[in-house]
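A short worksheet on the structure shown next.
The values are calculated or read from the model by the stated rules, or taken from the named source; none is laboratory data. Keep in mind the model is a prediction, meaning the values are calculated, not measured. Reconstructed Cβ throughout: ideal geometry from the backbone, glycine too, with neighbour counts over all protein chains shown.
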Amino acid sequence: MESAVNRFKQSRKVLAEYTYEPAALVRGYTGKTLFVDLSTGLIKSKEVTRTMKDIFIGGRGFGLWYLWQAVNPQTKWNDPENEIIISSGPVGGITQYPGAGKSLVVTLSPLTNSVIDSNVGGHFGPYLKFSGWDALEIYGKSDKDVFIIIDGDSGKVTIEEAVLDTTACHLISEILTEAFAHSESDKKNISVVSAGSGADHTLIGILNFSFYDPHRKVVRLKQAGRGGTGTVFRDKKLRALVVRFSGLKAKSNNPADFERIVAAGKRINREIRELDDVQNRMRQVGTASLLTVMNDYDLLPVHNFQYGSHVDGPKISTEVFRSRFTQNVFDGCWHGCTLSCCKAVDGFELKTGPFKGEKVVVDGPEYENAAGLGSNCGIFDPDCIIEANFYCDTYGIDTISTGTLVAFIMECYERGIINKEITGGLELNFGNKEAFMELIHQMGRGEGFGKIAGLGVRRMKKIFSEQYGADSNFLQDIGMEAKGLEYSQYLSKESLAQQGGYGLANKGPQHDEAWLIFMDMVNKQLPTFEDKAEALHYFPMFRTWFGLQGLCKLPWNDIEPEDNKQTDEPAKVPAHVQNYVDIYNGVTGQNIDKDELILQSERVYNFQRVFNLRMGFGTRKDDAVPYRSLGPVTVEEYESRAERYDSQLKELGLNVEEMSTGEKLKALRKHREEMYEKLVDVVYQRRGWTKNGIPRLETLRRLGIDFPEVVAVVEKHL
């Protein structure tokens with residue numbers, strides 16, 4: 001490590017330099033954006049306008065607005081005009097309330113060919129802001145690998161060339177942290193953003209955002225994982241971003257009413273301290289707390305979402321991972337986050353790949369990683385899941401997309417759609433751990449069948465149909481992607497609301513927009529179409545708000561007040577909604593209420609819908625989902641839950657005793673597709689959209705986003 005650090009230091013060559021006086025923060029904003037053009041080497045400051053603050057707020061909103069200005073309807077993800085924007089938000093960086101260390105990354109996605117937003121923890125976003133910048137806007141392309149260094153202590157930004165001995169993200173982050181820290185204690189003041197070799201070779205590349213863990217004395221990673229952000233990063237020839245900031249204080253955001261923020265923080269921190277161990281156990285197992293309950297409720301994806309539970313589910317249960325996670329250490333990915341859900345496996349010895357035999361710290365696995373890389377691929381070995389998690393992160397590929405696309409490949413392999421000749425000798429049956437790991441390594445290296453896998457499910461469906469003669473309709477049914485983005489890891493067959501949450505999401509089927517599966521299927525809180533539509537309005541808007549502010553959603557409803565069930569709307573956790581109103585007003589000095597909170601999100605959400613329209617999709621046909629998201633595709637799926645499905649058909653007045661399984665499948669499919677289309681109608685109406693999913697002009701006017709260029713896009717589709 002020392003020699004790699006020295007080589008990096010000695011080889012540094014400044015290609016462009018910009019000095020500045022870091023802007024003082026005023027109520028959560030610096031009022032400045034850092035603009036970097038990699039094509040020309042131009043570095044400059046841009047003003048954050050009043051309109052940006054009033055309409056787009058920060059975070060995801062700032063990213064969407066800047067990207068809209070940079071691209072046109074013909075821009076492709078790998079054009080120089082495609083920008084990467086990283087922004088936190090006005091609340092981001094406070095240390096009194098848990099979960100305030102988020103950044104939002106916005107760019108055009110290689111998978112969807114439209115705008116993607118991806119949220120990520122770590123220290124980069126807050127340090128960027130405290131270094132004087134509300135956002136970082138990266139434009140253009142370099143012709144050589146470069147680094148962007150932002151020194152908030154000295155007020156200097158550079159674009160540099162340097163020698164880096166590795167493409168592994170865990171090592172990149174370690175080398176650069178060592179290179180820029182003045183001492184061991186100074187390492188906590190450095191944050192690195194990197195993309196690995198998998199981002200060079202696949203369309204599912206991620207960005208790793210680092211934070212230094214002083215308890216373990218290692219650099220750890222959080223991921224902006226969805227939509228290929230890392231692929232865009234590497235296409236621009238960016239090797240890494242580094243930010244340095246050492247002046248963090250309790251009032252770094254210069255809030256308007258510090259005591260109001262402190263009071264909200266005291267309330268939530270007391271709840272976490274007293275209730276977390278008996279609620280969702282975030283401090284013990286993080287989001288892996290979901291593994292057991294998902295298997296118990298038939299919601300865990302198994303074998304490419306064919307089934308919702310498995311007899312081997314207990315082998316990857318919550319308790320299994322709890323035994324592997326290091327306990328009783330602080331696991332927050334931002335200062336002051338007492339929820340401490342960022343779990344890790346220490347001293348894990350790798351069994352495969354380029355780091356075989358080495359002992360490493362593995363961040364996670366979180367629920368999505370364990371379900372996608374585990375049960376969905378028929379892998380019920382926790383050590384294999386942990387190893388796959390590590391390599392996905394260090395290669396820089398999305399664990400969610402990887403799990404879903406490998407599961408799709410495995411089903412195609414088992415059904416004879418592809419074979420060993422096509423896969424280069426890999427026997428990709430469900431549960432084949434050796435072939436599973438080798439495919440991940442091939443994706444990381446850009447070799448063999450890994451080059452095809454790394455294109456994602458949508459492109460593989462086309463290849464398997466056109467080159468190998470597969471039935472395109474069947475592939476459409478079982479290929480778990482929508483809008484080009486692979487599904488996250490929840491089985492939605494029995495939850496109409498979650499089907500809509502996936503299908504109607506702006507960026508594609510990612511649960512951070514609407515996670516309604518428990519409300520709908522387990523708690524039966526959404527009995528009517530109108531109830532579902534209201535939930536599919538409120539919850540995506542509320543969750544959008546976190547991405548405008550620089551906040552994590554977990555402290556909202558993964559810990560609840562003791563009396564929450566006695567409130568009128570327990571699913572919304574009203575006391576915590578008020579907390580968010582308080583901390584926003586406390587930082588900004590504004591006086592919004594819970595209704596204005598939703599309006600802030602509606603503006604950005606509808607703007608993003610129009611952005612999709614501008615880029616060529618975003619109408620009703622694009623909100624269609626693969627049928628497996630709605631119901632059973634195959635005879636095996638139906639018969640695995642025959643009693644359930646037969647009962648549902650009987651409720652429709654059908655005589656199932658006289659029907660073959662094929663006839664039952666057809667009848668159930670007709671009903672479920674009709675239910676989905678009916679849901680879409682009601683949701684569109686609630687959101688103020690046309691029957692084709694276009695935001696109405698009166699909706700744009702009501703929200704104050706009726707800018708001429710926005711109206712022009714909408715009018716083309718009305």
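Here Thr107 meets each of (1) touching a helix residue (DSSP H, G or I) at 6+ places or on another chain (Cβ under 6 Å); (2) among the polar types (S, T, N, Q); (3) surrounded by fewer than 24 Cβ atoms within 10 Å (Cβ to Cβ) with one exception, condition (3). Against the condition over 30 Å from Ser87 (Cβ atoms) and part of a loop (DSSP other than H, G, I, E, B), how does Lys565 come out, does it pass? Criteria not met by Lys565. A single entry from Gly132, Gly122 fulfils the requirement of being crowded, with 24+ Cβ neighbours inside 10 Å, assigned by TED's automatic domain parsing to the domain that holds Lys76, part of a loop (DSSP other than H, G, I, E, B) and in contact (Cβ under 8 Å) with a residue 60 or more places away in the chain: Gly122. Checked against the criterion of being over 29 Å from the mean Cα position of the chain (by Cα), of a type outside the set (A, V, I, L, M) and more than 21 Å from Gly247 (Cβ to Cβ), the candidates Glu17, Glu21, Glu47 yield just one match: Glu17. Scanning segment 25-45 for residues that are in contact with a Lys or Arg (Cβ under 9 Å, 6 or more places away or on another chain) and closer than 23 Å to Pro90 by Cβ returns Leu25, Gly28, Tyr29, Thr30, Gly31, Lys32, Thr33, Leu34, Phe35, Val36, Ser45. Counted as qualifying within segment 135-206 are the strands (runs of 3 or more DSSP E) with 2 or more residues that are out of contact with any helix residue (DSSP H, G or I) (no Cβ under 6 Å at 6 or more places or on another chain) and surrounded by fewer than 20 Cβ atoms within 10 Å (Cβ to Cβ), namely 156-161.
The single residue among Phe330, Phe305 that is under 24 Å from Lys433 (Cβ atoms) and either assigned to a loop (DSSP other than H, G, I, E, B) or at pLDDT below 95 (or both) turns out to be Phe305. Screening segment 210-299 for helices (runs of 4 or more DSSP H) wholly inside it with 2 or more residues that are over 30 Å from Leu108 (Cβ atoms) returns the ranges 258-275, 282-285, 290-296. If you check Ile583, Ile598 for being in a helix (DSSP H, G or I), modelled with pLDDT of 95 or more and more than 22 Å from Val262 (Cα to Cα), only one passes: Ile598. Being modelled with pLDDT under 95, within 24 Å of the chain's Cα centre (by Cα) and farther than 23 Å from Pro574 by Cβ is a property that does not hold for Cys337.
When the residues of segment 2-46 are narrowed to those that are in a loop (DSSP other than H, G, I, E, B) and either among the small types (Gly, Ala, Ser) or not assigned by TED's automatic domain parsing to the domain that holds Ile57 (or both), which ends up nearest to Ile583 (Cα to Cα)?
Ranking the candidates gives Gly28 first.
Listed by first and then second residue, the pairs linking a residue in segment 433-462 that is not assigned by TED's automatic domain parsing to the domain that holds Gly205 and at pLDDT 95 or above to a residue that is assigned to a helix (DSSP H, G or I) and β-branched (Val, Ile, Thr), with Cβ atoms under 6 Å apart and 6 or more places separating them unless they lie on different chains, are Phe449/Thr423.
Annotation: of all residues in segment 582-619 being closer than 18 Å to Thr690 by Cα and among the polar types (S, T, N, Q), the one that is surrounded by the fewest Cβ atoms within 10 Å (Cβ to Cβ) is Thr619. If the condition is being closer than 18 Å to Ser340 by Cβ and outside any helix (DSSP H, G or I), then segment 535-557 contributes Leu551, Cys552, Lys553. Annotation note: Cβ proximity below 6 Å between a residue of segment 610-627 that is touching a residue at least 60 places away in the same chain (Cβ under 8 Å) and a residue that is among the polar types (S, T, N, Q) and assigned to a helix (DSSP H, G or I) (sequence gap 6+ or interchain) occurs for Gly618/Asn612.
Condition check ((1) surrounded by fewer than 23 Cβ atoms within 10 Å (Cβ to Cβ); (2) assigned to a loop (DSSP other than H, G, I, E, B); (3) assigned by TED's automatic domain parsing to the domain that holds Thr619) across all residues:
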| site | (1), (2), (3) |
| --- | --- |
| Ala470 | yes, yes, no |
| Phe474 | yes, no, no |
| Ser492 | no, yes, no |
| Gln510 | no, yes, yes |
| Met519 | yes, no, yes |
| Pro527 | yes, yes, yes |
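Hey, can you tell me all the residues within segment 164-221 that are within 18 Å of Pro365 (Cα to Cα) and of a type in the set (S, T, N, Q)? Of everything in segment 164-221, those that are within 18 Å of Pro365 (Cα to Cα) and of a type in the set (S, T, N, Q) turn out to be Asn208, Ser210.
This table checks each residue for (1) in contact with a helix residue (DSSP H, G or I) (Cβ under 7 Å, 6 or more places away or on another chain); (2) touching a residue at least 12 places away in the same chain (Cβ under 8 Å); (3) surrounded by 16 or more Cβ atoms within 10 Å (Cβ to Cβ).
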{"position": "Gly230", "(1), (2), (3)": "yes, yes, yes"}
{"position": "Val242", "(1), (2), (3)": "yes, yes, yes"}
{"position": "Asp257", "(1), (2), (3)": "yes, yes, yes"}
{"position": "Arg273", "(1), (2), (3)": "no, yes, no"}
{"position": "Arg283", "(1), (2), (3)": "yes, yes, yes"}
{"position": "Gly286", "(1), (2), (3)": "no, yes, yes"}
{"position": "Leu291", "(1), (2), (3)": "yes, yes, yes"}
{"position": "Leu300", "(1), (2), (3)": "yes, yes, yes"}
{"position": "Gly313", "(1), (2), (3)": "yes, yes, yes"}
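Can you pull out the residues in segment 476-488 that are under 18 Å from Val635 (Cα atoms) and either in the same structural domain as Val115 (by TED's automatic domain parsing) or of a type in the set (Asp, Glu) (or both)? Within segment 476-488, Asp477 is the sole residue that qualifies.
Take Ala667 and decide whether it is assigned to a helix (DSSP H, G or I), in contact with a Leu (Cβ under 7 Å, 6 or more places away or on another chain), without any contact (Cβ under 8 Å) to a residue 24 or more places away in the chain and not assigned by TED's automatic domain parsing to the domain that holds Thr404.
So Ala667 passes the test.
Could you check segment 652-676 and list, in sequence order, the residues that are within 26 Å of Ala624 (Cα to Cα) and exposed (fewer than 13 other Cβ atoms within 10 Å of the Cβ)? Once the filter is applied, which keeps residues that are within 26 Å of Ala624 (Cα to Cα) and exposed (fewer than 13 other Cβ atoms within 10 Å of the Cβ), segment 652-676 yields Leu652, Gly662, Lys666, Lys670, Glu674. Figure legend. Inter-residue proximity from segment 356-377: first residues without any contact (Cβ under 8 Å) to a residue 24 or more places away in the chain, second residues in a loop (DSSP other than H, G, I, E, B), beta-carbon distance below 7 Å, spacing 6+ or different chains. Indicated pairs: Lys356/Leu350; Gly357/Leu350; Glu358/Leu350.
Suppose the filter is assigned to a helix (DSSP H, G or I) and either buried (at least 19 other Cβ atoms within 10 Å of the Cβ) or at pLDDT below 95 (or both); does Glu319 pass it? Criteria not met by Glu319.
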